[in-house]
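Undergrad: Input: one structure, supplied below.
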Amino acid sequence: MKLMLHVAPGIVRKPIVSSVILETKALINIERAKVDAVSGEIVIDVDLDKCVEVKRAFEERGVRVVLLENPIIKDDDECVHCGACISICPTGTFRFEGSEVVADAGRCVQCASCITACPQRALRLVLK
Amino acid sequence: MSEINERIRDGSVRVITAEEMPELVEELGTDGAVREVDVVTTGTFGAMCSSGLFLNTGHSDPPIKISKAWLNNVEAYGGVAAVDLFLGATQPSEDKGDEYGGAHVMEDLISGRDVELRAQGAVTDCYPRSELETTLRLDDFNQAIMVNPRNSYQRYAAASNSTERTLHTYMGTLLPRYGNVSYSGAGALSPLPNDPDFEYIGMGTRIFLCGGQGQIIGPGTQHLPQNGFATLMVKGDLKEMSSEFLRGATFQDYGPSLYVGLGVPIPVLNERIAEKTAVRDREIVTEIVDYGVPRRDRPTVRRVNYEELYSGVVDIDGAEVKTSALSSRHVARKVASALSDSIRRGEFLLSAAVEPLSRVGRNKPMRQTKEFLLVGDVMGSEVVTVREEINIKEAARIIVGGTFDHLPVVSADEKLIGMVTAWDISKAVASDKTSHISEMMTRKVFIASPDEPLELAARKLHHHKISALPVVDKDHRVIGMLTSDHLSRLYGKKRRRSK
């Protein structure tokens, strides 16, 4: 399960991910992290059975946690199934099924590479 | 062929797509295929930048002779009579930039949406109006004729990127260090690979164009069939087209382009055509070229066929690299099947070409004479060369008698082997040691080629602190001389002109 962590300015310098790992003993995979001077945006992947516990642990530390259930939307009226999104996605979200492009949204980490690569502008991130 | 059209009219025509043809020919042989199949349909759907639209707006009252025009803020060319406009697919809009262009205006028109026309007029006695704004729909135009100068490439090189940074190109996003391969074309379904010798395809051939019926009006621009890069120039009526087969697109940091759906029906008139239309993806070969090299001639990374490209992964230097397309195989199949359906319904008749496509075309590089001067454009082509057997006195006499300070030394077969300058001769005379130029000439000579950018050659002169470069052809024969004199003369001329 993928979780989006929004880390607020006051706590961005603290080793929050490490402390959550030590507390929950969950295997956390950091898929994407963008941390600057004032805030952070981190996408993690965590086993389904640890998900609730990890989410709570982050929230106790002041992190806003969003489940990435449907991180990307493909507009099927716009998509022409060219497949430009397939080779540029780092996590393999898109693939051909026959000659049609299908998305496995569970793999998306919202890196946004595909948004500008799509010639039809058929892809949109669901930002929460 | 009239028999086939007869069968189209009475509904007994037998049509299959180019993807189905290889198996049929394998099973029945080419003679069997000729007996069993009347028409093979092809189709492609991909970004075809070289596309555009002629529009006739009708005359306003008072009338205007349009000199400049914009449709939804996308400029259309107004220099064709009074109210004929040409809208290019890749023209970006003045307010939305690359996200909206001529191609999107076409899609909006087809989809029945309003388009804002803004125009400036050249005021004359017969056309008194100077400005105009109006809202139009496709129906409001007298004619909306798509004319695409270059569509449906026989094959197109695939793209990859060797550099350290992501490139945004008309071949899509190319990830660094050969991170992906991007390709175009519909493989065995593409029209031209199914008739590479133009047995049927020619000027006047009726085609499926974006959902309507159009015609091939000749070979396309840059048509180069002798190298396997034939192209088509096509026209069709926008009013018949459907947005299922025509789409505006944007390539990031490149600009707008148009996705065109184009299909050609090929009658199986003989066994030769049957054999050609049985072409398979693996038999259509193209190159993967490196877009990391920012020159016209990009290096080839490897050759590849469409079966490999369609597999999703190709091997580059031992690494598995993901491939993806810019053209849509899905819609290409829809083009071929829509074309098959309209033939079966008796709505699409085949038309014989009135003239074949030319077998030889031209796609020469641009002759650049202004901002991008080449060595060949400014070099002196009167060169006196000498053989190494001559002595210093003879060399000195030649230099004194001529207008140059440099003597290229050549071998018996005219190849450059050294260079002697007036300075070399003075030095030799002063030291009184040598008598033959073979003993004193410079053997490591910096050279230039005639097609080398002048800027690069000038940098060579400066960098090595020399004053002349012999210009040699590919056989290393001296064909000219580039000296610092040529460069200073060039600069002097420019200065005079700008005054």
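The values are calculated or read from the model by the stated rules, or taken from the named source; none is laboratory data. Because the structure is a prediction, the values reported are computed rather than measured. Because the Cβ atoms are built from the backbone with ideal geometry, glycine has one as well, and the counts that use them run over all protein chains shown.
Undergrad: Consider the range B:367-404. How many of its residues are loosely packed, with under 13 Cβ neighbours inside 10 Å, small (Gly, Ala, Ser) and touching a residue at least 24 places away in the same chain (Cβ under 8 Å)?
TA: 1
Undergrad: Kindly indicate the residue of the range B:388-442 that is outside any helix (DSSP H, G or I) and of a type in the set (S, T, N, Q) and also modelled with the lowest pLDDT among those meeting that condition.
TA: B:Thr434
Undergrad: On to the next question. Being out of contact with any His (no Cβ under 9 Å at 6 or more places or on another chain), under 18 Å from B:Met146 (Cβ atoms) and small (Gly, Ala, Ser) is true for just one of B:Ala76, B:Ala18. Which residue is that?
TA: B:Ala76
Undergrad: What tally of residues in the range B:49-78 results from selecting those that are within 14 Å of chain A (Cβ to nearest Cβ) and either part of a strand (DSSP E or B) or surrounded by 24 or more Cβ atoms within 10 Å (Cβ to Cβ) (or both)?
TA: Going through the range B:49-78 one residue at a time, the tally reaches 0.
Undergrad: Further question: Is there any pair with a first residue in the range A:88-116 that is farther than 15 Å from A:Ile73 by Cα and a second that is part of a loop (DSSP other than H, G, I, E, B) whose Cβ atoms are under 7 Å apart and which are 6 or more apart or on different chains, and what are they?
TA: A:Ile88/B:Leu175; A:Pro90/A:Cys111; A:Thr91/A:Cys108; A:Thr91/A:Val109; A:Phe96/A:Gly83; A:Ser99/A:His81; A:Glu100/A:His81
Undergrad: Is there a residue being part of a loop (DSSP other than H, G, I, E, B) and over 30 Å from B:Asp405 (Cβ atoms) anywhere in the range B:328-343?
TA: yes
Undergrad: Then there's this: Any chance you could count how many residues in the range B:367-390 are closer than 22 Å to B:Val409 by Cβ and hydrophobic (A, V, I, L, M, F, W, C)?
TA: Residues in the range B:367-390 being closer than 22 Å to B:Val409 by Cβ and hydrophobic (A, V, I, L, M, F, W, C): 6 in total.
Undergrad: Still on this model: Given the residues B:Val304, B:Val321, B:Val314, B:Val331, which is the only one that is away from chain A (no Cβ under 11 Å) and in contact (Cβ under 8 Å) with a residue 24 or more places away in the chain?
TA: Of B:Val304, B:Val321, B:Val314, B:Val331, the one residue that is away from chain A (no Cβ under 11 Å) and in contact (Cβ under 8 Å) with a residue 24 or more places away in the chain is B:Val304.
Undergrad: Also, quick follow-up: Residues B:Gly204, B:Gly236: which one is closer than 20 Å to B:Ala186 by Cβ and either modelled with pLDDT of 95 or more or crowded, with 21+ Cβ neighbours inside 10 Å (or both)?
TA: Of the residues listed, the single one that is closer than 20 Å to B:Ala186 by Cβ and either modelled with pLDDT of 95 or more or crowded, with 21+ Cβ neighbours inside 10 Å (or both) is B:Gly236.
Undergrad: Given the structure, is B:Ile466 farther than 30 Å from B:Arg296 by Cα and either within 43 Å of the chain's Cα centre (by Cα) or of a type in the set (Val, Ile, Thr) (or both)?
TA: For B:Ile466, the condition - farther than 30 Å from B:Arg296 by Cα and either within 43 Å of the chain's Cα centre (by Cα) or of a type in the set (Val, Ile, Thr) (or both) - is not met.
Undergrad: Also: Residue by residue through the range A:100-128, note down the ones that are surrounded by fewer than 16 Cβ atoms within 10 Å (Cβ to Cβ) and under 11 Å from A:His81 (Cβ atoms).
TA: Across the range A:100-128, the qualifying residues are A:Glu100, A:Val102.
Undergrad: Collect the residues in the range A:93-112 that are part of a loop (DSSP other than H, G, I, E, B), more than 9 Å from every other protein chain (Cβ to nearest Cβ) and more than 12 Å from the chain's Cα centre (by Cα), keeping them in residue-number order.
TA: Residue satisfying the conditions is A:Asp104 alone.
Undergrad: Select, from B:Asp424, B:Asp413, the only residue that is farther than 30 Å from B:Ser12 by Cβ, acidic (Asp, Glu) and surrounded by fewer than 12 Cβ atoms within 10 Å (Cβ to Cβ).
TA: Exactly one of B:Asp424, B:Asp413 is farther than 30 Å from B:Ser12 by Cβ, acidic (Asp, Glu) and surrounded by fewer than 12 Cβ atoms within 10 Å (Cβ to Cβ), namely B:Asp413.
The rows are residues; the columns are (1) within 22 Å of B:Arg477 (Cβ to Cβ); (2) under 45 Å from the mean Cα position of the chain (by Cα); (3) of a type in the set (Ser, Thr, Tyr).
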| site | (1), (2), (3) |
| --- | --- |
| B:Lys393 | no, no, no |
| B:Thr403 | yes, yes, yes |
| B:Val409 | yes, yes, no |
| B:Ile425 | no, no, no |
| B:Ser435 | no, no, yes |
| B:Glu439 | no, no, no |
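Undergrad: Restricting attention to the range A:113-126, and to residues there that are aliphatic (A, V, I, L, M) and touching a Pro at 6+ places or on another chain (Cβ under 9 Å), which single residue is farthest from the other protein chains (Cβ to nearest Cβ)?
TA: Among them, the one singled out is A:Val126.
Undergrad: Are any of the residues in the range B:137-144 within 14 Å of chain A (Cβ to nearest Cβ), free of Cβ contacts under 8 Å to residues at least 60 places away in the same chain and basic (Lys, Arg)?
TA: No: the range B:137-144 contains no residue that is within 14 Å of chain A (Cβ to nearest Cβ), free of Cβ contacts under 8 Å to residues at least 60 places away in the same chain and basic (Lys, Arg).
Undergrad: On to the next question. Report, by residue number, each residue of the range B:299-312 that is farther than 20 Å from B:Glu283 by Cβ and surrounded by fewer than 16 Cβ atoms within 10 Å (Cβ to Cβ).
TA: Listed by number, the list holds a single entry, B:Pro299.
Undergrad: Moving to a separate point now. Does any residue in the range B:28-48 that is within 14 Å of another protein chain (Cβ to nearest Cβ) come within less than 9 Å, Cβ to Cβ, of a residue that is surrounded by fewer than 19 Cβ atoms within 10 Å (Cβ to Cβ) and small (Gly, Ala, Ser) six or more places away or on a different chain, and which pairs are these?
TA: B:Gly43/B:Ser337
Undergrad: Hey, among the residues in the range B:141-187 that are hydroxyl-bearing (Ser, Thr, Tyr) and closer than 16 Å to B:Val304 by Cα, which one's nearest to the chain's Cα centre (by Cα)?
TA: B:Tyr156
Undergrad: Any chance the range A:24-42 includes a residue that's more than 14 Å from every other protein chain (Cβ to nearest Cβ), assigned to a helix (DSSP H, G or I) and surrounded by fewer than 19 Cβ atoms within 10 Å (Cβ to Cβ)?
TA: The answer is yes; a qualifying residue exists.
Undergrad: For residues that are in contact with a Gly (Cβ under 7 Å, 6 or more places away or on another chain) and among the aromatic types (Phe, Trp, Tyr), tally how many sit in the range B:45-87.
TA: 2
Undergrad: Still on this structure: Looking at the range B:245-260, which of the residues that are assigned to a loop (DSSP other than H, G, I, E, B), farther than 19 Å from B:Ser152 by Cα and not charged (D, E, K, R) is nearest to the other protein chains (Cβ to nearest Cβ)?
TA: Among residues in the range B:245-260 that are assigned to a loop (DSSP other than H, G, I, E, B), farther than 19 Å from B:Ser152 by Cα and not charged (D, E, K, R), the one nearest to the other protein chains (Cβ to nearest Cβ) is B:Gln252.
Undergrad: So which of B:Arg367, B:Arg298 ends up being closer than 27 Å to B:Ala158 by Cβ, outside any strand (DSSP E or B) and either within 14 Å of chain A (Cβ to nearest Cβ) or at pLDDT below 95 (or both)?
TA: Within the list B:Arg367, B:Arg298, the selection yields B:Arg298.
Undergrad: Oh, and also: Go through the range B:448-470 and report how many residues are assigned to a helix (DSSP H, G or I) and of a type in the set (Asp, Glu).
TA: Of the residues in the range B:448-470, 1 are assigned to a helix (DSSP H, G or I) and of a type in the set (Asp, Glu).
Undergrad: Continuing with the same structure: Does the range A:48-56 contain any residue that is outside any loop (DSSP other than H, G, I, E, B), away from every other protein chain (no Cβ under 14 Å), surrounded by 16 or more Cβ atoms within 10 Å (Cβ to Cβ) and among the aliphatic types (A, V, I, L, M)?
TA: Within the range A:48-56, one or more residues are outside any loop (DSSP other than H, G, I, E, B), away from every other protein chain (no Cβ under 14 Å), surrounded by 16 or more Cβ atoms within 10 Å (Cβ to Cβ) and among the aliphatic types (A, V, I, L, M).
Undergrad: Here is a further query. If I filter the range B:166-188 for residues that are more than 14 Å from chain A (Cβ to nearest Cβ), in contact (Cβ under 8 Å) with a residue 40 or more places away in the chain and polar (S, T, N, Q), do I get at least one hit?
TA: No, there is no match, as no residue in the range B:166-188 is more than 14 Å from chain A (Cβ to nearest Cβ), in contact (Cβ under 8 Å) with a residue 40 or more places away in the chain and polar (S, T, N, Q).
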